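Asks: Got a structure here, written out as structure tokens. Questions coming.
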Amino acid sequence: MSIADRLLPRAREEDLVVEALPDETLVYDLKRDKAHCLNPTAALVWSRCDGETSVSDVASLLETELGLPAAHSVVWMALDRLDRENLLEDPVALPEEAASYSRREMMRTLGRVAGLTLLLPAVSSIVAPLAAQAGSCIPRRTCRRVLVPPNCTGLPICENPNRCCRRRNRTSCRPRRCR
Amino acid sequence: MLQAEKQNLLSAPALPLTFPSAQSRGRAIATFLAGSWRTRPPPYRRASIDETGLASQLVKTGAGGLGWWRVRDSGIDFPGASELREAYRLQTLHSGIHERRIQEGVVLLRAAGVEPLLAKGWLAAGLYAQRGLRPYGDIDLWVRPDQGAAAFEALGYPPGQQYPIDLHANAPVRDRTWDELMARSHPEPVGDTHVRALGAEDHLYLLSVHMLAHGAWRPLWLCDVAAALESRPREFDWDYCLRGGKRRPNWLMTAIRLASDVLGASPPGLPTSISNGHLPRWLVPAVLESWAAGTPYMHTTPVGLTTPRPAALWNALRIRWPNPIQVTIAWNREFDRSPRLPVQLAECVLRSGRFLFGRQTATPLG
């Protein structure tokens, strides 16, 4: 029995937010505050990592569903990418031949069939958003307490001239007309 | 003098004087975002607008996802398309994260015997073709005024530390009591649970006034109004929506006409008081200029921390010259043809006084 038949990879489920879009799957790792984008091949492999399906079975599935040649290598490559981004429950020890199979070599192999290189598994990171995207404003007291002056890391500071806020105690705040 | 000339003089632009280049920049944003909130946005055709840097500006003001939605199927090699797509992806993920957080927060509030009311961010995102099109930094929840202390305690103080929840212990809409708002609210599905959400009429008003109160500087907020208008339910009660304080009809008309005139929102069945309404001439240029500027004074370095050089101080003051839309709401005025200059000056004096005497703490307008 080869390692591909024995290995039953399991996708991580905890502390992840997953949003499946028509042409990609987005994953947010709450533990590491990292966002990833999985292309359809990587997403398909990841979705089959249920701890019961072997690498060989996933490869057969890829061959059937996507018509990919060299599907074993593609699955290993996907597992490697997913593992690097901590999206698998346990680390995957790649077999020697798979470990040495680079993306470039894979592209050369698949490139013989036009368009198939697009199906190579890809897990890319999404760049962090600008703080200014969020919210309309934050109370100045929050800015002073939580964020770094002088500009609250880009977040707006509330300035409502009609209503001031007098803190009554630690838990509430009584709006009143500014004098 | 002819009546028309008199009216033109009266509707003189609000200071700062209108800048054609800024307006054309704002117009480019408006052209680009027109209809972008719809499930099928109108096909984007390369217009005679300057697209340079447009993507960055959209992302900066929270309209990056909408930008991507508009160009994704156009087949046009739009500069900065990848930036827009990244924004869309992140916003989609944040929406999923917020869904979790709302559920967790609501469970805690309900355990403390508090039933919250949902509005703005999450609810506004639901008006769009996809939630990921509309970003929001925090989750706006309102609770009964007498349950504020219990709610703050349940979520932990200060709010926003453990949960990104902006908790308000008041009625979110002026002229309405908490009980009225709750009676017209509806259950909104959030993940596995349901949360009471502001009724469509009250939400439209809240979105409109929120946009105006912040000087309409984010294009996204006008898209909110447009999306709320076009997705309003069949039983939408205009009488109830327009009934209330003296300014309510004027402010609503202003926001709706802006959505229609600037972004091309085409909501059928508007009451005649709105469809026949006219915007003062200074208003659209003011909106377009604030879009072009992209950053309101609230985002800039506080004056107190500005280098005490005359040029820097002058620049700080120039940036802080009151937005005519913002002061209209703040001073409880109508959007009419009368010049904004007196109100802007008064606002300037008030702000300076507050700055000098150290009264700077304020709460956000809901």
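Asks: What residue, among those in region B:35-70 that are closer than 15 Å to B:Trp221 by Cβ and of a type in the set (A, V, I, L, M, F, W, C), is farthest from the other protein chains (Cβ to nearest Cβ)?
Replies: Step by step, filter region B:35-70, then rank; the result is B:Trp37.
Asks: List the pairs whose first member sits in region B:163-185 and is over 11 Å from B:Leu117 (Cβ atoms), whose second member is surrounded by fewer than 17 Cβ atoms within 10 Å (Cβ to Cβ) and acidic (Asp, Glu), and whose Cβ atoms are under 8 Å apart, counting only residues at least 6 apart or on separate chains?
Replies: B:Tyr163/B:Glu104
Asks: Mind checking which residues of region A:52-72 are assigned to a helix (DSSP H, G or I), touching a helix residue (DSSP H, G or I) at 6+ places or on another chain (Cβ under 6 Å) and farther than 14 Å from A:Asn39 by Cα?
Replies: A:Val55, A:Ser56, A:Val58, A:Ala59, A:Glu63, A:Ala71, A:His72
Asks: Let me confirm something: among B:Leu220, B:Leu181, B:Leu207, which residue is open to solvent by less than 10 Å² (accessible area, probe 1.4 Å), under 16 Å from the mean Cα position of the chain (by Cα), under 30 Å from B:Thr254 (Cβ atoms) and more than 10 Å from chain A (Cβ to nearest Cβ)?
Replies: Details: B:Leu220 fails: more than 10 Å from chain A (Cβ to nearest Cβ); B:Leu181 fails: under 16 Å from the mean Cα position of the chain (by Cα).
Answer to the selection: B:Leu207.
Asks: Can you go through B:Arg234, B:Arg247 and tell me which one is touching a residue at least 12 places away in the same chain (Cβ under 8 Å), charged (D, E, K, R) and surrounded by fewer than 23 Cβ atoms within 10 Å (Cβ to Cβ)? Before the answer, list the steps.
Replies: Details: B:Arg234 fails: touching a residue at least 12 places away in the same chain (Cβ under 8 Å).
Checking each option against the conditions leaves just B:Arg247.
Asks: Report, ordered by the first and then the second residue, all pairs with beta carbons closer than 7 Å, sequence separation of six or more or different chains, a first member in region A:1-22 that is closer than 15 Å to B:Ile97 by Cβ, and a second member that is hydroxyl-bearing (Ser, Thr, Tyr) and open to solvent by less than 60 Å² (accessible area, probe 1.4 Å).
Replies: A:Leu16/A:Tyr28; A:Val17/A:Tyr28; A:Val18/A:Thr25; A:Glu19/B:Thr92
Asks: Here's a follow-up. Can you tell me which residue is farthest from B:Pro189 (Cα to Cα) among those in region B:115-141 that are more than 13 Å from chain A (Cβ to nearest Cβ) and assigned to a strand (DSSP E or B)?
Replies: For region B:115-141, the residue satisfying everything is B:Leu141.
Asks: How many residues does region B:124-139 hold that are open to solvent by less than 10 Å² (accessible area, probe 1.4 Å) and touching a strand residue (DSSP E or B) at 6+ places or on another chain (Cβ under 7 Å)?
Replies: 1
Asks: Also, quick follow-up: For B:His98, which of the numbered conditions (1) without any contact (Cβ under 8 Å) to a residue 24 or more places away in the chain; (2) within 14 Å of chain A (Cβ to nearest Cβ); (3) not polar (S, T, N, Q) fails to hold?
Replies: Only one criterion is unmet by B:His98, namely (1).
Asks: Quick one: count up the residues across region B:328-344 that are open to solvent by 10 Å² or more (accessible area, probe 1.4 Å) and among the aromatic types (Phe, Trp, Tyr).
Replies: Residues flagged as open to solvent by 10 Å² or more (accessible area, probe 1.4 Å) and among the aromatic types (Phe, Trp, Tyr) within region B:328-344 amount to 1.
Asks: Please give the number of the condition B:Gly244 fails out of (1) part of a loop (DSSP other than H, G, I, E, B); (2) under 20 Å from the mean Cα position of the chain (by Cα).
Replies: (2)
Asks: Out of the residues in region A:23-43 meeting the condition of being touching a residue at least 40 places away in the same chain (Cβ under 8 Å), buried (at least 18 other Cβ atoms within 10 Å of the Cβ) and more than 13 Å from every other protein chain (Cβ to nearest Cβ), tell me which one is farthest from A:Glu89 (Cα to Cα).
Replies: Once the filter is applied, the top-ranked residue is A:Thr41.
Asks: Related question: Using the structure shown, decide if B:Asp73 is within 15 Å of B:Ala129 (Cβ to Cβ) and more than 8 Å from chain A (Cβ to nearest Cβ).
Replies: Numbers: within 15 Å of B:Ala129 (Cβ to Cβ): yes; more than 8 Å from chain A (Cβ to nearest Cβ): yes.
Spelling it out, B:Asp73 is indeed within 15 Å of B:Ala129 (Cβ to Cβ) and more than 8 Å from chain A (Cβ to nearest Cβ).
Asks: Here is a further query. Could you give every pair whose Cβ atoms fall below 7 Å, whose first residue belongs to region B:68-91 and is crowded, with 21+ Cβ neighbours inside 10 Å, and whose second residue is polar (S, T, N, Q) and at pLDDT 90 or above, counting only separations of at least 6 or pairs across chains?
Replies: B:Trp69/B:Ser36; B:Arg70/B:Ser36
Asks: Out of B:Ala200, B:Ala265, B:Ala255, B:Ala227, report the one residue that is under 19 Å from B:Ser95 (Cα atoms), more than 14 Å from every other protein chain (Cβ to nearest Cβ) and within 18 Å of the chain's Cα centre (by Cα).
Replies: Only one candidate qualifies: B:Ala227.
Asks: Are any residues in region A:79-95 under 15 Å from the mean Cα position of the chain (by Cα) and open to solvent by less than 20 Å² (accessible area, probe 1.4 Å), and if so, which ones? Don't jump to the end; show me each part of the working.
Replies: Our first condition is that a residue be under 15 Å from the mean Cα position of the chain (by Cα); within region A:79-95, this holds for A:79-89.
Answer for region A:79-95, where residues must be under 15 Å from the mean Cα position of the chain (by Cα) and open to solvent by less than 20 Å² (accessible area, probe 1.4 Å): A:Leu79, A:Leu82, A:Leu87, A:Leu88.
Asks: Taking the stated definitions as given, is B:Ala150 surrounded by fewer than 20 Cβ atoms within 10 Å (Cβ to Cβ), within 14 Å of another protein chain (Cβ to nearest Cβ) and in a helix (DSSP H, G or I)? Walk me through how you get there before you give the answer.
Replies: Values: surrounded by fewer than 20 Cβ atoms within 10 Å (Cβ to Cβ): yes; within 14 Å of another protein chain (Cβ to nearest Cβ): yes; in a helix (DSSP H, G or I): yes.
For B:Ala150, the condition - surrounded by fewer than 20 Cβ atoms within 10 Å (Cβ to Cβ), within 14 Å of another protein chain (Cβ to nearest Cβ) and in a helix (DSSP H, G or I) - is met.
The values are calculated or read from the model by the stated rules, or taken from the named source; none is laboratory data. Quick caveat: nothing in here was measured; it's all calculated off a predicted structure. Note: ideal-geometry Cβ built from the backbone for every residue, glycine included; neighbour counts use all protein chains shown. We work out accessible area using only protein heavy atoms, side chains counted, and drop any ligands, DNA or RNA first. Shrake-Rupley method; radii C 1.70, N 1.55, O 1.52, S 1.80 Å.
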